[in-house]
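The values are calculated or read from the model by the stated rules, or taken from the named source; none is laboratory data. Please read all numbers here as calculations on a predicted model, not as lab measurements. Cβ coordinates were reconstructed from backbone atoms using ideal geometry, including for glycine residues, and neighbour counts include every protein chain displayed.
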Amino acid sequence: MSAKKDSKGKQEVHSHQHKRTRAIVNRLSRIEGHVRSIKEMVESGRDCTEVLIQVSAVRSAINKVGKVIMEDHLENCLFHDGATAKDSEIWEGIKDVFDAYF
């Protein structure tokens, strides 16, 4: 999947602020540390069941951060691109679907 590019071929940067950027970065940092710990578990020969439990926890954390990014996108990017306040019911419905999926 390719990123949006401007007319000069440079990757576009958001012209608006996201509400949850700091929370997303913090979650990703925790996930990064967790993955390093799993790598150390594997290198030290820890029990496979323990490793798999930790892999499952990372998978869950990735899904949660994906959900936060998706919500932020729905609230900030789509609304920024012209959705009106009366469209909020539509977006709430979309977010409900994502809540059910993730």
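Details
- Just one residue in the set Met41, Met70 is surrounded by 13 or more Cβ atoms within 10 Å (Cβ to Cβ) and modelled with pLDDT of 90 or more; that residue is Met41.
- Among residues of the stretch 82-98 that are under 17 Å from Asp72 (Cβ atoms) and of a type in the set (Val, Ile, Thr), none has a beta-carbon under 7 Å from a residue that is in a helix (DSSP H, G or I) and at pLDDT below 65 at least six positions away or on a different chain.
- Of the residues making up the stretch 36-69, those that are of a type in the set (D, E, K, R) and under 9 Å from the mean Cα position of the chain (by Cα) number 2.
- When Glu71 is tested against (1) free of Cβ contacts under 8 Å to residues at least 24 places away in the same chain; (2) within 30 Å of Ser88 (Cβ to Cβ), only condition (1) is not met.
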